[in-house]
Structure formats: structure tokens, C-alpha cells
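The block underneath contains the structure these notes are about, expressed in C-alpha cells.
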2 protein chains.
Amino acid sequence: MRTLRYYDEINLLTPAGKTEGGHRLYGEKELKKLQEIQFLKTLGFSLKEIKEMLSDENWNWSQGLQSQLNYILDEKEKIINIEKTLIGLINSLRIDGAIDLIEINKLIQLYQDDFERRKVYRKRMFHEKERQLLDLLPNVNSLDPDSLEWVSLLGQLKQHMEKGVEAPEIQRIVGRIHEKSIETFGENDDFFDKLWEIRKSPEKSNKAGFYPIEQEVLNFFDKAWQVFQEKQRKEEG
Amino acid sequence: MRTLRYYDEINLLTPAGKTEGGHRLYGEKELKKLQEIQFLKTLGFSLKEIKEMLSDENWNWSQGLQSQLNYILDEKEKIINIEKTLIGLINSLRIDGAIDLIEINKLIQLYQDDFERRKVYRKRMFHEKERQLLDLLPNVNSLDPDSLEWVSLLGQLKQHMEKGVEAPEIQRIVGRIHEKSIETFGENDDFFDKLWEIRKSPEKSNKAGFYPIEQEVLNFFDKAWQVFQEKQRKEEG
DNA sequence: TCTTGAAAGTGACGTTACGTCATCTTGTAT
DNA sequence: ATACAAGATGACGTAACGTCACTTTCAAGA
């Protein structure tokens, strides 16, 4: 009811007549118009725009709809960006256990501004084939099962860190990370080492556009990884 | 500048001090806070919410981000619906050439049903209690890394299901599930129960990165599991 | 015809995150 | 000392209603 009063106020939809007492009376025509208004509203038009459209006999619908579509597409892009950022935050929160909003913000800025430079850097560091593998890297900004497995593994590592690198829990997690990386990158150890070198250095990671992981966790994994490899060698040899 | 005045008014960000004349002075700390505010704003939080988050020492970030993500996903869905409708309209315009309100009205009829369905608005659940009422469901984003690994593994299984039980991708995933289950339950293989337990929860929503574990997936896993065991026996025997 | 209670009317303020005047005061460079 | 840019203050405007508080009208039953 409030709505009808408002539409009346702004002359968007005036009642067909009024009773002596002032009650608003609407006819068939007005009902139809109301439906039109509701419909256009769901398309995201403002009442002002709707008023214009409905009152202009020669309104150019195709142009109006097109520009509305453009606007909506813009909004969609914005929302998708927010979504990605939120997912990234949630994942990194899981890996690191804490967040520094400002650091993350910087990263995002960097990510947005520096896309080109990062591409160049990656080109310098990796061959064609390796770059294809790079695209397989877990994407913190997504919730697909594959990325989630990485996130969960790193998160568990962090969780059990206090138990030390030799703890069986840790070694099992490292084992699964190993397998996962074989699945992702193949048996290509060179590539893995190279990646790991970059990963370990915050600056290089940053340049390459890798998602930052706490240094502590990285160092811990490095040690645990060495233990793991030694054990494997022993078993084999 | 207007912005700073406003933040001061609502006690979101008060200046570190003022000059005799009343000019606002901001220090390093305030600058940082301002940046945080700006960042959170880009994520779609309202100033009221931001105020709460930043002033609460024990703010539950993971939950807050999560509910914001849900809200954003909702918005995204709405926008995508608008987009579809607009595209539909534009296309039908192209076919018919001229369109007038009569045409639009036909389409209104078409979409009318949708309106009705969409009237069940979901509100944004910012506060814990409100959420607890409506969604008790475990959501990937609120899971601990350990459970997350399960979800991610099953999710990957589902992703590659079409390749058949014998596919190497599948067998590798099954292998990791096997290891994970040993870690969790020991050598006895009763982790099927666990799977069924996980299965009980979902169904409600599979957006928001929520992975329902369907019957189909479980059946598939069952078969793949048998293949896996056979292979192992062969290797051993 | 009178009563009565629900529905409708009116007016006003609240909502968000500032933008934009108009007017006044301060800080600072010359 | 003076001039002038920059900041402060207060106020109104924004979009589309929601939500009081209070009054009036309409239609049905006695």
C-alpha cells in the first residue's frame, strides 16, 4: 500500500479515481501498468527511468534495454571480483590462520595493476611447457575441489606444525602433498624444484604472483620435505 | 574529506587529535585503519558492519567472510537472472522488430511465475544467531582443513567420474582417499560409515561452494574402490 | 439506521554513505 | 600583516519505500 501511495506521489501511477473519502481506486489499465512497473523494476531500472519509458510513446526500447544490459554486466563483473576476493581471503585464512587486511589489500592491488609485469616475469623464468603447468597451480580464488585439496593439505600442515617435522602426522601429510604434486605436475622434479625456489622467496613469489604463505609454514614444509625424501631414499636403498 | 568527517561523526574512525582550530589530525594508526575500512568496503560490507568487525577484538572473521560470501553469491544469482531476462528481451526484440508494451506484457506473463518464486527473499545473515537458525549446514568455507580434505577428494572424484572407475586420475584420487582413511580410522576400512555421515548433512544448497555428496558419487566410489583393492592385491601377490 | 472494527488515508521520520552547496574559520606562505 | 587556499560546520538531497502515530472511511452486522 505504501508503494501505491509513493507511486501516486511521484506521479508514476495515479489512481483512476478517488472515492469521496479519498480512497484510491484503480482500474484494469492501472493494474496492467503496475505489473509493467514491477517487471521493469526486476530488470534493475529505477522508478525514474521507468516513468520515462512508460510515458514516452516513442521510447527506444532496444537501446534502453541494451544500455541496461551493459550496466548489469558491469555490476556482474564487480560482484564476481568481490566473490573471488572473498574466497581468496577465506582460503588464506585457512592456510595461515590469520589475516592482515592491509597486506592482502596490497596484494590485490598489485594483482590488478601488475598483471602484465607478472606475465613478463613468468615468461623469463619458465619455458612454454612449464608455463602450462603453472596454470595448474592451485588458485586460492576458487573453490574447486582441486584447489581445495591444496588448501586443506597446507592447512593441516600448519595445524600440526608444533609436533615437529618428523611426526608421523606431518610425514603423512607431506606424503600426500608429494602425490598431489606428482598428479599435478608429473614426475618433473626440475620444475618442482624451480617452483619451490620461487615459493620460498617472498619477493620472487610476489613477482610471480603466487599467493603468499607464511614464511614459517614454508620453512617448516621445506624441512619436513627433506626428512620425507631421506626416508624414501632409505626405503629404496 | 567529506568521508573523513562522516567517519568521525559515526565514530568509525576518529582523528588522533585536533589542532586548536579544530582541524582533524590523523596518525599512522588511523591511516592503517582507513585502509582497512576501504578494503572491507570493496568487499561489500556496510560501514556499520565494518565498525563492528574492527572494534570487536574477537571477531570471527571466517564466519563473517563466509556469510558475506553467501550474500554476494545471492546477489550474483539475482544479477545473472536479470542478465538472462534482458538478453531474452533483446533477442525477441530483434526478431520482432518493433516492440511495444503489448509485447512486453506477453513477456511479463512469461516471467510472472518466476516472480512468485523469487518472493521468498533470503536475508543477509550477518550475525551468528541468525545464521544458526537457518543454515546449520557445514559449508566448505567453515570446515577445518581436515574435513576439507575429505570434501575436496570426493569433489574431485565427482569431477572426473565420467572417465570411468579405471581411469588413472580416479585411481590416484582413490589412493589418496585410502591413505587419508588410514590416517583417520586406522587400517580397518570402516570409513564408509563416515562417508554416509557426511552425506546426511547437505542437499540444502550446493552453491556457496557446498559440495553435496550424492548417492551416485558414493556408488561410483564403491566401484572404484574395488578396482583399487584388486590392483593392490595383484601388486602384492 | 446505527455501530463497530478493519482497512485506508495522511504526515513525518528513518534508512546509506556520502555529494554538494553556502558560510565561516584556520593555517601558512609571502 | 595579509591574502588565500584548505579545512570546518551545518544543512539539504539522494531512492524507494518501511514504519510509526493518528485520523477517517467503508462495509457489514444488529
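Nothing in this text is a laboratory measurement; each read-out follows from the coordinates by a stated rule. What you are looking at is a predicted structure, and each value in this text was computed from that prediction instead of being measured. Glycine gets a Cβ as well: all are built from the backbone with ideal geometry, and neighbour counts include every protein chain shown.
What percent does the relative contact order of the stretch A:1-74 come to when contacts are Cα pairs within less than 8 Å and at least six residues apart?
Details: 34 pairs, mean separation 12.5, N = 74.
Reported relative contact order: 17 percent.
I'd like the Karplus ³J(HN,Hα) series for the stretch A:176-181: coefficients 6.51, -1.76, 1.60, θ = phi - 60°, whole numbers in Hz, and an x wherever there's a Gly or Pro.
So the Karplus estimates, Gly and Pro as x, are 5, 4, 4, 5, 4, 6 Hz.
Answer with one residue from A:Val151, A:Ser181, A:Gln226: the one whose Cα lies farthest towards the positive end of the charge dipole of the stretch A:151-237, charges on Cβ with Lys, Arg +1 and Asp, Glu -1.
A:Val151
For B:Val227, place a label point 7 Å out from Cα along the Cα→Cβ vector, do the same in each other copy, and report the separations in nm, one decimal, smallest first.
3.6
Under the convention of a label 7 Å out along Cα→Cβ, give the distances in nm from B:Leu54 to the same position in every other copy, shortest first.
Output for B:Leu54: 4.2 nm, nearest copy listed first.
Of the cross-linked pairs B:Lys29/B:Lys76; A:Lys129/B:Lys180; A:Lys123/B:Lys33; A:Lys180/A:Lys231; A:Lys84/A:Lys207; A:Lys158/B:Lys41, which ones have a Cα-Cα span greater than 26 Å in the structure shown?
Values: B:Lys29/B:Lys76 35 Å; A:Lys129/B:Lys180 32 Å; A:Lys123/B:Lys33 37 Å; A:Lys180/A:Lys231 18 Å; A:Lys84/A:Lys207 20 Å; A:Lys158/B:Lys41 30 Å.
Violating the 26 Å Cα-Cα cut-off are B:Lys29/B:Lys76; A:Lys129/B:Lys180; A:Lys123/B:Lys33; A:Lys158/B:Lys41.
Find out how many positive minus negative residues lie around B:Glu166, taking Lys and Arg as positive, Asp and Glu as negative, among other residues whose Cβ is under 11 Å from that of B:Glu166. Don't skip to the end; give the middle numbers.
Working: positive: B:Lys163, B:Lys223, B:Lys231; negative: B:Glu169, B:Glu230.
Its environment carries a net charge of +1.
Taking amide H positions as placed 1.01 Å from N in the peptide plane, with prolines and chain starts having none, which residues 5 or more places from A:Leu13, or on another chain, fall under 5 Å of its amide H?
A:Asp8
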